[in-house]
Amino acid sequence: MSSPTVVIRDVGPRDGLQSERPVEPSARAQLARRLADAGVAEVEAASFVSPTAVASMAGAADVVAALPAVAGTRWWALVPNRKGAELARAAGIDALTITVSASDGYSRKNVGVGTDDALAGLAGIVDAARHRRSAGVVVDVVVSCCFGSPFEDVADPDQVTAVIERVRRTDADRVTLADTTGTATPRRIDAVLDAVGTDVGLHLHDTRGTALANALHAIERGVRRFDTSVGGLGGSPFAPGAGGNLATEDLLLVLDDLGVETGIDLEAVLGISRDLPELVGHPVPSRTSAAGGLVPFG
């Protein structure tokens, strides 16, 4: 099998469910396993945050304990601080996402400190995540509000670039740019990529219906890593007006039609998406989940 041209990390079991009513750890682990079975190479399965802050993510270690080793799939966990990184490593997770924010207001809501303080502490979190470097730990720093902030404190790409430069001075392996409240457009994508380059991931939300257009434009620019969520679930409990993530199946539908290799079975993902309403208690936002796949053409 050829290597994927575009790599998708499905964040549904974490970001997709963090704003939903609490789902049992066993069910979250089952969702992650089904995504792996569908060919998703990277799955964010848990979040080692305080259950007091995000009750829906309680039981992260139980989720991880229920995840089998799956050839070709890497399990990820979100960690907000050094303690979270230590807990994730102790649970056996070797791929961690760490969040900082280009928005000082969002940073204070999300992690309890401003952007400068969060960046100052980032190296220590990365160090805790890499406690056993020989184990092949991978660290991805996700920078929130890269294309605008609900607190109106991210005004231009220069602010984002300054944060990215500080992140890149740490020992992190990757940087992912997050459109936390769905304010990105292709023009804004261009402005930020022109400043920071295309060796980044994108984490897109579909608050205003622009996520798919933004993803396709970024692919044309050379971006090859994307966070999506099965069913289009998601949203931050700390960001006013945040909508769901770009739906995994919505992006897959178009990429499959374009002949772009992802290694993921669209029909299997659609099967997962159609089971989600029973899990979360409401319909999912994904248009492809409702409409189904494409008929042959051309």
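Since every read-out is calculated from the coordinates, none of them should be taken as a lab result. Keep in mind that what you see is a predicted model, and the values were worked out from it rather than measured. Here Cβ is always computed from backbone atoms with ideal geometry, including for glycine, and neighbour counts include all displayed protein chains.
Only Cα pairs under 8 Å and at least 6 apart count here; give the relative contact order of the chain as a rounded whole percent.
19
In cubic angstrom, how much convex hull volume per residue do the alpha carbon atoms of the chain span?
120
Net charge near residue 287: determine it from the other residues with C-beta under 12 Å of the C-beta of residue 287, scoring Lys and Arg +1 and Asp and Glu -1.
After counting each charged neighbour, the total is -3.
Could you tell me the ratio Rg/Rh of region 20-134? Both radii from Cα atoms, Rh via Kirkwood. Intermediate results must be reported in sequence, preceding the final value.
Values: Rg = 14.5 Å, Rh = 14.7 Å.
Taking Rg over the Kirkwood Rh, I get 0.98.
Please work out the C-alpha center-to-center distance from region 239-298 to region 88-155 and express it in whole Å.
28
Sketch the reach of a paramagnetic label on residue 254 as a point 7 Å from Cα along Cα-to-Cβ, and name the residues of region 189-214 whose backbone nitrogen lies under 13 Å away.
Zone members listed by number: 204-206, 209-214.
Test of understanding: given the chain, find the longest segment containing no trypsin sites (Lys or Arg not before Pro) that are in a DSSP loop and have at most 12 other Cβ atoms within 10 Å.
1-131
Please give me the summed charge of the neighbours of residue 123: other residues whose Cβ is under 11 Å from its Cβ, Lys and Arg +1, Asp and Glu -1.
+2
What list of ³J(HN,Hα) values in whole Hz, one per residue of region 148-165 in order, does the Karplus curve 6.51 cos²θ - 1.76 cosθ + 1.60 (θ = phi - 60°) give from phi, with Gly and Pro shown as x?
With coefficients 6.51, -1.76 and 1.60, one gets x, 10, x, 9, 6, 10, 10, 9, 7, x, 4, 5, 5, 4, 4, 5, 4, 4 Hz.
Provide the gained length on full extension for the span residue 90 to residue 280, in nm with one decimal, where the gain is 0.36 nm per separating residue minus the Cα-Cα distance. Please list the in-between numbers first.
Working: separation 190, 0.36 × 190 = 68.40 nm, distance 2.93 nm.
65.5 nm is the gain from fully extending residue 90 to residue 280.
Looking at the chain, what % of its DSSP beta bridges pair antiparallel, to the nearest 5?
Antiparallel bridges make up about 5 percent of those DSSP assigns within the chain.
Based on DSSP loop calls and a cut-off of at most 16 other Cβ atoms within 10 Å, the longest stretch of the chain free of exposed GluC sites (Glu not before Pro) is what?
Result for the longest clean stretch: 21-151.
Each residue of region 203-213 in order: what ³J(HN,Hα) in whole Hz does its phi give by Karplus 6.51 cos²θ - 1.76 cosθ + 1.60, θ = phi - 60°, with x for Gly and Pro?
10, 10, 10, 10, 3, 10, x, 9, 4, 5, 4
By the scheme Lys and Arg +1, Asp and Glu -1, what is the net charge of all other residues having a beta-carbon under 10 Å from that of residue 6?
+1
Which of the listed residues, 231, 88, 12, is farthest toward the dipole's positive end in the chain, when Lys, Arg count +1 and Asp, Glu count -1 at the beta-carbon?
88
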